[in-house]
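The values are calculated or read from the model by the stated rules, or taken from the named source; none is laboratory data. In this text the structure is predicted, and so the values were computed from the model without any measurement. All Cβ positions, glycine included, derive from the backbone under ideal geometry; neighbour counts span all protein chains shown.
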Amino acid sequence: MGELGVKHLLGIKYLKESDVQLIFETADHFKEVINRSIKKVPSLRDITIANIFFENSTRTKLSFELAEKRLSADVINFSAGQSSVRKGETLIDTVNNILSMKVDMVVMRHPNPGAGIFLSKHVSASIINAGDGAHEHPTQALLDSYSIREKLGDVAGKNVVIVGDILHSRVALSNIFALKLQGANVKVCGPRTLLPKYVESLGVEIETNLRKALNWCDVANMLRIQNERFDIGYFPTTREYTQQYGVNKKLLDSLDKEIVIMHPGPINRGVEVTSDVADSKQSIILNQVENGVAIRMAVIYLLASKIK
């Protein structure tokens, strides 16, 4: 098996395409493992991993923890909400205290963009970015691309539209980097107020008409509308957003072709997608969740091999 070109997973923009393919090939192996009756491998018995979440997370944190335990790593969970961070302790102090317990790897989610990069320059442990502000969420983008590859055979040459709040979404940015790196064609679709001005400079086209975007694409990745955005006036009401940018079964069935529906979760059912779309045969939302564990096992395993 090859070796990753990076010591940390801080963002997709630091990876080469060969790194992405290596992660996918490793995930293929681990996907077989997690579908066996005995789901654990002893690969990382001597590795200690700290999950440090400065923001609430259920799905990502559970997925990482399960991946770590499947690899037989020792796991420390640290939730900053109930910790000394509230008492004014700095990020470096917090992490150094954890590293003094001889931790080899840190999985971190933090509200500030670049927190993982900052940390990687000050500590010796390997850092995995589990989301930093509205910046990147690399493992989500990897599992999304991996799910497209599994469903359609390849990512290269596929037409992928990302729908929703692109402006505040670390998932969107990481997905754009990952899809472009693998040779996909990417469009973003949503209200103008939620599309960043720089997005076209990333080699991405803007389409504000949802039906046109869906007729163009092979895959639609529907992003969660964050309810806190309604208060700020990015668009008038949830109902109006759903009328223009929500996908229901009637719309899906009226398209010229059958497309694949994805969602990074958690889903606001009836807002981004209706239940009959989320649960339809065109949806690969639950495949994404399963693939998340395999991808995170692959990333942890490949980074851990550089520690030893």
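Things worth noting here:
- In segment 6-15, the residues that are surrounded by fewer than 20 Cβ atoms within 10 Å (Cβ to Cβ) and touching a helix residue (DSSP H, G or I) at 6+ places or on another chain (Cβ under 8 Å): Val6, Lys7, Lys13
- For segment 242-260, a residue qualifies if it is of a type in the set (Ser, Thr, Tyr) and within 18 Å of Asp279 (Cβ to Cβ), and exactly one does: Thr242.
- Per-region count, segment 110-140, residues at negative phi, under 12 Å from the mean Cα position of the chain (by Cα) and of a type outside the set (A, V, I, L, M, F, W, C): 8
- Hey, Lys151 in contact with a Gly (Cβ under 7 Å, 6 or more places away or on another chain), surrounded by fewer than 20 Cβ atoms within 10 Å (Cβ to Cβ), assigned to a helix (DSSP H, G or I) and modelled with pLDDT of 95 or more or not: no
- Considering segment 270-289, and only residues there that are free of Cβ contacts under 8 Å to residues at least 24 places away in the same chain and not hydroxyl-bearing (Ser, Thr, Tyr), the residue that is surrounded by the fewest Cβ atoms within 10 Å (Cβ to Cβ) turns out to be Lys281.
- Of Lys31, Lys13, all but one fail to be assigned to a helix (DSSP H, G or I) and within 17 Å of the chain's Cα centre (by Cα); the exception is Lys13.
- When Ile300 is tested against (1) modelled with pLDDT of 95 or more; (2) touching a Phe, Trp or Tyr at 6+ places or on another chain (Cβ under 9 Å); (3) under 24 Å from Gln226 (Cα atoms), just one condition goes unmet, and that condition is (3).
- Selected residue [in contact with a Leu (Cβ under 7 Å, 6 or more places away or on another chain) and more than 30 Å from Ile300 (Cβ to Cβ)] from Ile206, Ile166: Ile206
- Residue identified as out of contact with any strand residue (DSSP E or B) (no Cβ under 8 Å at 6 or more places or on another chain) and either in contact (Cβ under 8 Å) with a residue 12 or more places away in the chain or of a type in the set (Ser, Thr, Tyr) (or both) among Ser120, Ser126, Ser174, Ser145: Ser145
- Any hit, segment 260-274, residues being touching a His at 6+ places or on another chain (Cβ under 9 Å) and either in a helix (DSSP H, G or I) or of a type in the set (Ser, Thr, Tyr) (or both): no
- Selected residue (only one of Asn96, Asn56 is at pLDDT below 85 and within 20 Å of the chain's Cα centre (by Cα)): Asn56
- Residue in segment 119-137 that is β-branched (Val, Ile, Thr) and closer than 15 Å to Leu173 by Cα present: no
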